[in-house]
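This report concerns only the one structure given below.
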Amino acid sequence: MAVTESTLQVKSLAVSAYTVPTNSPEADGTYAWDATTMVLVQATAGDRTGIGWTYAPAACAALIRETLERAVVGLDCFDVPAAAEAMARTVRNAPRPGLASYAISAVDCALWDLKARILDLPLHRLFGAARAKVDVYGSGGFTTYSEERLRTQLQGWTCDQQIPRVKIKIGEDRGTNTVRDLARIRQAREAIGSGVQLFVDANGGYTAKQAIRVFDASAEQDVAWFEEPVSSDHLAGLRQVRQSIAADVAAGEYGTTLFYFQRMCEAAAVDCLQVDVSRCGGFTEWFRAAAVAAAHGLEVSGHCAPNLTVPAAAGTLNFRHLEWFHDHVRIEDMFFDGTGDPDGGSVRPREDSPGNGLTFRARNAEKYRINA
């Protein structure tokens, strides 16, 4: 493509939403669901199109069409930070924290992907690579699973794909079923053996003292990572758990402003900061959040949206690992060509194609499309 002033202008944002039923009922400690909705953005300049997405209610699509598109159309597609600022200003009264940030994330990721495709660069090369591969952990282990289903999923990751880290959900029924939580932690350890790291996620289901008791009671299972033992809004509670247990305490997946991440780090609430590129404001804010974490001596872990996150993870110095989340992996494998292969416990960003290396399979996705 010959680059001219007109071809560098963002021409349009095409927005679509898709709801995909889960392959069985799913739940964690505080929520249950039977479907996942993806909002997809395709940003066009000249004859090139970049893609980005978020996992959010379909209302997100309307917000992009009605509010964000007019903020970015006509801007130079190379000036993605300027577009990010324009979007932040236009949702001032929406407001920015929450759903508006999910919408901004999808657009921001699409604009970065568009820029990389115009420059004919893999996206992680545009960012500047810090590593050749991105470590991942298998994530699922829903509280709705039977012992057999849990074992099958865990061994699929650890035996079939050789992923050396896995995570299950605990905190069942908002923390009121710790007997089953402890039984499932034990079942998980028995399924994966001693050579694999075991992570647990309570999704904020416990009180601080309760979380500490659960960890102590599961000492023989060698839990290495305790995610959201209490609500991520309860910074003092996170800090209390962090100071009382040997496992790393993690939170941050709901962060939608830079100040959220700053408060969490400043409160000494976590050992590793989670950042979700599909929620935090896209790649632009991912790197700023990672810098905040680095200033507090912390690493970051990517939350969900795995194939969207790989290029940014590859370009982040203080990165630890990426959540290879069952629901999102399943959808992304259906909707895109070029998705990552986690065999051996890591994923390599695509070197053989520009942008994020993904091609949208519109025909595959069409059956799940919803009016939004």
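The values are calculated or read from the model by the stated rules, or taken from the named source; none is laboratory data. Remember, it's a predicted structure, so these values are computed and weren't measured experimentally. Note: ideal-geometry Cβ built from the backbone for every residue, glycine included; neighbour counts use all protein chains shown. Note: areas computed on protein heavy atoms with side chains; ligands, DNA, RNA excluded. Shrake-Rupley method; radii C 1.70, N 1.55, O 1.52, S 1.80 Å.
If only residues of the stretch 93-113 that are part of a helix (DSSP H, G or I) and out of contact with any helix residue (DSSP H, G or I) (no Cβ under 9 Å at 6 or more places or on another chain) are counted, the one that is least open to solvent (accessible area, probe 1.4 Å) is Ala110. Note on the stretch 330-346: residues that are surrounded by 15 or more Cβ atoms within 10 Å (Cβ to Cβ) and under 12 Å from Lys133 (Cα atoms) total 4. Under the condition of being more than 18 Å from Asp160 (Cβ to Cβ), assigned to a helix (DSSP H, G or I) and of a type outside the set (Val, Ile, Thr), the residues counted in the stretch 114-150 number 10.
Annotation note: of Ala56, Ala35, the sole residue that is within 30 Å of Asn177 (Cα to Cα) and in contact with a Phe, Trp or Tyr (Cβ under 6 Å, 6 or more places away or on another chain) is Ala56. I'd like the residue in the stretch 127-140 that is hydrophobic (A, V, I, L, M, F, W, C) and surrounded by fewer than 20 Cβ atoms within 10 Å (Cβ to Cβ) and, out of all such residues, is nearest to Val41 (Cα to Cα). It comes out as Ala129.
Can you tell me which residues in the stretch 113-161 are among the polar types (S, T, N, Q), touching a Gly at 6+ places or on another chain (Cβ under 8 Å) and under 23 Å from Asp343 (Cα atoms)? Scanning the stretch 113-161 gives Gln153, Thr158, Gln161.
Among the residues of the stretch 33-65, those identified as in a loop (DSSP other than H, G, I, E, B) and within 30 Å of Tyr145 (Cα to Cα) are Ala56, Pro57, Ala58.
Figure legend. Inter-residue proximity from the stretch 45-58: first residues under 11 Å from Tyr102 (Cα atoms), second residues open to solvent by 20 Å² or more (accessible area, probe 1.4 Å) and charged (D, E, K, R), beta-carbon distance below 9 Å, spacing 6+ or different chains. Indicated pairs: Thr54/Arg279; Tyr55/Arg279; Ala56/Arg279.
Once the stretch 347-372 is narrowed to residues that are open to solvent by 40 Å² or more (accessible area, probe 1.4 Å) and among the polar types (S, T, N, Q), the residue that is nearest to Gly141 (Cα to Cα) is Asn364. Only a single item in (1) under 16 Å from Asp233 (Cα atoms); (2) open to solvent by less than 30 Å² (accessible area, probe 1.4 Å) is not met by Phe259, and it is number (2). Restricting attention to the stretch 66-92, the residues that are assigned to a helix (DSSP H, G or I), in contact (Cβ under 8 Å) with a residue 40 or more places away in the chain, hydrophobic (A, V, I, L, M, F, W, C) and within 20 Å of Ile118 (Cβ to Cβ) total 4. Say we look at the stretch 197-250 and pick out the residues that are among the polar types (S, T, N, Q) and in contact with a Lys or Arg (Cβ under 6 Å, 6 or more places away or on another chain); which of these is least open to solvent (accessible area, probe 1.4 Å)? For the stretch 197-250, the residue satisfying everything is Gln221.
Is it true that Thr143 is more than 21 Å from Glu228 (Cα to Cα), open to solvent by less than 60 Å² (accessible area, probe 1.4 Å), touching a helix residue (DSSP H, G or I) at 6+ places or on another chain (Cβ under 7 Å) and among the hydroxyl-bearing types (Ser, Thr, Tyr)? No; evaluated as a whole, the condition is false for this residue. How about the stretch 5-33: which of its residues are among the charged types (D, E, K, R), in contact (Cβ under 8 Å) with a residue 60 or more places away in the chain and open to solvent by 50 Å² or more (accessible area, probe 1.4 Å)? Once the filter is applied, which keeps residues that are among the charged types (D, E, K, R), in contact (Cβ under 8 Å) with a residue 60 or more places away in the chain and open to solvent by 50 Å² or more (accessible area, probe 1.4 Å), the stretch 5-33 yields only Lys11.
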